[in-house]
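The values are calculated or read from the model by the stated rules, or taken from the named source; none is laboratory data. These numbers come from a predicted model, not from an experiment. Positions of Cβ are backbone-derived with ideal geometry, glycine not excepted, and every protein chain shown enters the neighbour counts. Calculation scope for accessible area: heavy atoms of the full protein, side chains included, ligands and nucleic acids excluded. Shrake-Rupley method; radii C 1.70, N 1.55, O 1.52, S 1.80 Å.
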Amino acid sequence: MLQTIKKNVDVLEAMLYFWQATSEREKVAEVFFYDVAKMDAFKIAYDEEFNEESVRKVLSAIKNRELLSSGSKKEKRFWNNNMWMMEDLEYVSLMINPLKKLNLDYLVDILNEKVPQNKYDTLEVVFSPLHLDEYFIKENKLIINFFRVKPSDIDDNVFIGEKELKSYIEEKLIELLK
């Protein structure tokens, strides 16, 4: 029976620092890239095309104001998405702030009712700046690509595609539990 749903935005906090510092042309130490690449929110997304070295290489290229001339499709998308974040930090705030305030406790009872026979007592919803995928599921974790989060024009809601974030998360957690 499901007991808890955790939210993880740790890597977003680190990346927010990177986007701000880099857009203001401040120095970002190379060790930062290695530390970020080792964060769980990235590590769970690694595969043969996108790995720890991919994150380091892309962030280093951005810091040095270099184009990513060689790289996989996922690395190039990751580079492009990060460059987009640095263009409008106010928009980034509109994306991140609702995620920081997001409370998923209300979903525990809903999910236990909809999927009573599930094998997890804890779920984790991870927001991570990724590459191509909108989301993926790995064990008890729902990993949502932060770059797909779209703030509303009229209120504090955020969306992924056309679906409101809370509805989206509920739908994907049901998929995870089945």
Original post:
So, of the residues in region 1-31 that are free of Cβ contacts under 8 Å to residues at least 24 places away in the same chain and farther than 30 Å from Ile110 by Cβ, which turns out to be least open to solvent (accessible area, probe 1.4 Å)?
Top reply: Ala21
Subject >> Top-ranked residue in region 143-165 [being surrounded by fewer than 16 Cβ atoms within 10 Å (Cβ to Cβ) and in contact (Cβ under 8 Å) with a residue 24 or more places away in the chain; ranked as nearest to Phe78 (Cα to Cα)] >> reply: Gly161
**OP:** Determine whether Asp155 is part of a loop (DSSP other than H, G, I, E, B) and over 18 Å from Lys43 (Cβ atoms).
**Re:** yes
Original post:
If you take the residues of region 41-56 that are closer than 16 Å to Glu30 by Cβ and either buried (at least 18 other Cβ atoms within 10 Å of the Cβ) or among the basic types (Lys, Arg) (or both), which of them is nearest to the chain's Cα centre (by Cα)?
Top reply: Val55
Subject >> Identity of the residue in region 107-133, within 20 Å of Ala37 (Cα to Cα) and at pLDDT 95 or above, that ends up farthest from the chain's Cα centre (by Cα) >> reply: Glu124
Original post:
Do you know which residues across region 70-97 are under 24 Å from Ser152 (Cα atoms), open to solvent by less than 70 Å² (accessible area, probe 1.4 Å) and over 15 Å from the mean Cα position of the chain (by Cα)?
Top reply: Met83, Met86, Leu89, Tyr91
Original post:
Would you say Asp35 is farther than 26 Å from Lys150 by Cα, under 18 Å from the mean Cα position of the chain (by Cα) and not hydroxyl-bearing (Ser, Thr, Tyr)?
Top reply: yes
